[in-house]
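Novice: One structure, pasted below without further comment.
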Amino acid sequence: MIIRRATADDVDRIAEMEKVCFPEEPWSRDMVAAEFSGLNPTRYFAAEEDGRIVAYAGVWVIPPEGYITNVAVLPEYRRRGVASQVLQTMIDECLAEGVTDITLEVRVSNDPAIALYRSFGFEEAGVRRRYYQDGEDALIMWTHHE
Ligand SMILES: CC(C)(COP(=O)(O)OP(=O)(O)OC[C@H]1O[C@@H](n2cnc3c(N)ncnc32)[C@H](O)[C@@H]1OP(=O)(O)O)[C@@H](O)C(=O)NCCC(=O)NCCS
């Protein structure tokens, strides 16, 4: 497994994985492509096995804050520490760029993701009511790094 920066060449693969990993509300190809347009301070990372992306994650770096947009792992690669490796790489990049506080939103029902983020020190800081298209609330989480 290698972890590397994702680039605009990965847009098709990431858009394909969005449909598998977020069947309720996948980002469209255009939404994914916008993340790689260079207009926004995004950093995306991909985990590759045998030349194929099996996980990715993205963050907007706006020092001193980082805003995690997405973390996703193909179902057959879950519970092997892949998300943790990608997230750690992404957090290290954030810290190197002067970020001290990182935030994200997660569905209140998404126990695996909430457990993952808690294991990285993220704590619940509030709820955005009906944040998702299907009406589900989002939990807002933050972590602070000295
Ligand atoms: C959430 C997700 C990214 C986790 O990826 P993963 O590679 O399986 O996570 P890891 O193996 O690195 O897990 C790290 C820790 O997170 C927690 N965790 C992960 N999946 C879990 C699950 N299904 N149930 C409970 N805890 C879980 C555990 O504490 C785990 O440590 P452990 O395996 O030693 O117990 C993955 O399930 C996924 O892609 N889900 C669909 C997309 C999604 O919901 N993304 C988050 C959007 S905000």
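Any read-out appearing in this document is the output of simple, stated calculations on the displayed coordinates, not a laboratory observation. Keep in mind the model is a prediction, meaning the values are calculated, not measured. Virtual Cβ from ideal backbone geometry, glycine too; neighbours counted across all protein chains shown.
Novice: Which is farthest toward the positive dipole end of segment 48-146 among 56, 85, 139, measuring Cα position about the Cα centre, with Cβ charges +1 (Lys, Arg) and -1 (Asp, Glu)?
Specialist: Working it through, the farthest residue towards the positive pole turns out to be 139.
Novice: Using a simple spin-label model with points 7 Å from Cα along the Cα→Cβ vector, what separation in nm is obtained for residue 146 and residue 49?
Specialist: 3.7
Novice: Note down the magnitude of the dipole of the chain about its Cα centre, charges +1 on Lys and Arg C-beta and -1 on Asp and Glu C-beta and zero elsewhere, to the nearest 20 debye.
Specialist: 180
Novice: Additional query: Per-residue HN-Hα couplings for segment 115-124, Karplus 6.51 cos²θ - 1.76 cosθ + 1.60 at θ = phi - 60°, whole Hz, x for Gly and Pro?
Specialist: Rounded to whole hertz, the list is 5, 4, 5, 4, 5, 9, x, 6, 10, 5.
Novice: Tell me, which longest segment in the chain has none of the trypsin sites (Lys or Arg not before Pro) that fall in DSSP loops with at most 11 further Cβ atoms within 10 Å?
Specialist: Working: sites that count: 79, 129, 130.
Longest site-free region, per DSSP loop and neighbour criteria: 1-78.
Novice: I want to check the label-to-label distance for residue 24 and residue 77. Put each point 7 Å from Cα in the C-beta direction and report it in nm to one decimal.
Specialist: Rounded to a tenth, the inter-label distance reads 2.3 nm.
Novice: Continuing with this model, one more query. Work out from phi, with θ = phi - 60° and the Karplus expression 6.51 cos²θ - 1.76 cosθ + 1.60, the ³J(HN,Hα) of each residue of segment 128-138, listed in order in whole Hz, and give x for Gly and Pro.
Specialist: Working through the residues one at a time gives 9, 5, 6, 5, 9, 4, 7, x, 6, 7, 10 Hz.
Novice: Based only on other Cβ atoms within 10 Å, what is the fewest-to-most ordering of 94, 21? If you can, show how the numbers build up before the last one.
Specialist: Working: 94 25, 21 18.
Going from least to most buried by this count: 21, 94.
Novice: Quick one: what do you get for segment 2-144 if you divide its Cα Rg by 2.2 N^0.38 Å?
Specialist: Dividing the Cα Rg of segment 2-144 by 2.2 N^0.38 Å gives 0.99.
Novice: Also, I was wondering about something else. Less than 15 Å Cβ to Cβ from residue 106, Lys/Arg counted +1 and Asp/Glu -1: what total charge do the surrounding residues give?
Specialist: -4
Novice: Rounded to the nearest 5, what % of the DSSP beta bridges within segment 51-142 are antiparallel ones?
Specialist: 85
Novice: What percent does the relative contact order of the chain come to when contacts are Cα pairs within less than 8 Å and at least six residues apart? Could the numbers behind the result be given before it?
Specialist: Values: 250 pairs, mean separation 26.5, N = 146.
Relative contact order here is 18 percent.
Novice: Taking H placed 1.01 Å from N in the peptide plane, check which residues at least 5 places from residue 127 or on another chain put their amide H under 5 Å from its amide H.
Specialist: Answer set, sorted by chain and number: 140.
Novice: Modelled label-to-label distance, residue 1 and residue 97, 7 Å Cα→beta-carbon offset: nm?
Specialist: 2.3
Novice: Taking neighbour counts of Cβ atoms within 10 Å as a proxy for exposure, in what order, fewest first, do 106, 73, 59 appear?
Specialist: Result, fewest neighbours first: 106, 73, 59.
Novice: At a 10 Å Cβ-Cβ cut-off, how would you order 71, 108, 11, fewest neighbours first?
Specialist: Going from least to most buried by this count: 108, 11, 71.
Novice: Still on this model: Per-residue ellipticity at 222 nm for the chain, helices alone: DSSP H runs ≥ 4 residues times -39500 (n - 2.57), over residue total, nearest 500 deg cm²/dmol?
Specialist: -8500 deg cm²/dmol
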